[in-house]
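The values are calculated or read from the model by the stated rules, or taken from the named source; none is laboratory data. This structure is a prediction, so every number in the text was calculated from the model and none was measured. Here Cβ is always computed from backbone atoms with ideal geometry, including for glycine, and neighbour counts include all displayed protein chains.
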Amino acid sequence: MYKSRAAFTLVEILIAITLLSIVLVGLYGVLDTQRRSVDIIKKNLDKSIDNDRVIMVLYNDILSSDGNITLKKGERDTLCIESTRNSLYELGVAKVCWLVLKEDDTLVRVEGNGYRLPLGLEDTVEIDRVLKGVKVFDITRSKNNILAVIQVANKEPYSFLLQGIKPPPKPKKKEKLKKSKSKLKNSKTKHPPIEHPGGMF
């Protein structure tokens, strides 16, 4: 007759614990690698979303403008939108300028009213640093079309084309002045003397 074993020996328990430890260490390594991969993907996704938000804000700034847009061409362009309804700070209508700082290649958005670049001490504006490491910021206007290209270092460029952005109509004061001047000239022209029964004036 065989005797039944009541329990595991100490050696068997130690072997089981050792094997379980090896398996757990391997699983922890796999989980840690997956966690780091997820963190990297999340960071890249956040950056991508941030970049997309920047593009959308610039897009809406131009789209909501009255077409009065000033471009200063250079190594990286400066774009000033004199009047846009796309305010991030609850202004009814805002002046918005986009430019890249030379020191750290950071794209900034300046929002306010009644200011000029470079900013003075008396100017009250909101400045947002929106993108770092910008290598290309190029805005091109052709008639009623605006093409924007933004590229961050080691990334694919972002671009969009807006059509139908007409410059505001020129004020008609000059035409009115011309008309009034021509009326004055016509009134000063010599008319033939008017004959009256009593003679001439």
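A single member of 76, 116 is modelled with pLDDT under 95 and farther than 24 Å from residue 168 by Cβ, and it is 76. Taken together, the residues in segment 91-106 that are in a loop (DSSP other than H, G, I, E, B) and among the small types (Gly, Ala, Ser) amount to 1. Taking segment 130-167 as the region of interest, how many residues are aliphatic (A, V, I, L, M), farther than 12 Å from residue 62 by Cα and surrounded by 12 or more Cβ atoms within 10 Å (Cβ to Cβ)? Of the residues in segment 130-167, 7 are aliphatic (A, V, I, L, M), farther than 12 Å from residue 62 by Cα and surrounded by 12 or more Cβ atoms within 10 Å (Cβ to Cβ). Here is the figure for segment 144-163: residues that are assigned to a strand (DSSP E or B), among the polar types (S, T, N, Q) and over 23 Å from residue 64 (Cα atoms) total 1. Scanning segment 146-163 for residues that are touching a Gly at 6+ places or on another chain (Cβ under 7 Å) and β-branched (Val, Ile, Thr) yields one hit, 152. The criterion of being under 12 Å from the mean Cα position of the chain (by Cα) and outside any strand (DSSP E or B) holds for residue 88.
Scanning segment 121-143 for residues that are more than 18 Å from residue 80 (Cβ to Cβ) and not in a strand (DSSP E or B) returns 121, 122, 132, 133, 143. Sub-9 Å Cβ pairs linking a first residue in segment 118-129 that is surrounded by 10 or more Cβ atoms within 10 Å (Cβ to Cβ) to a second residue that is modelled with pLDDT under 90 and of a type in the set (A, V, I, L, M, F, W, C), at least 6 apart or interchain, are 125/119; 127/119, ordered by first then second residue.
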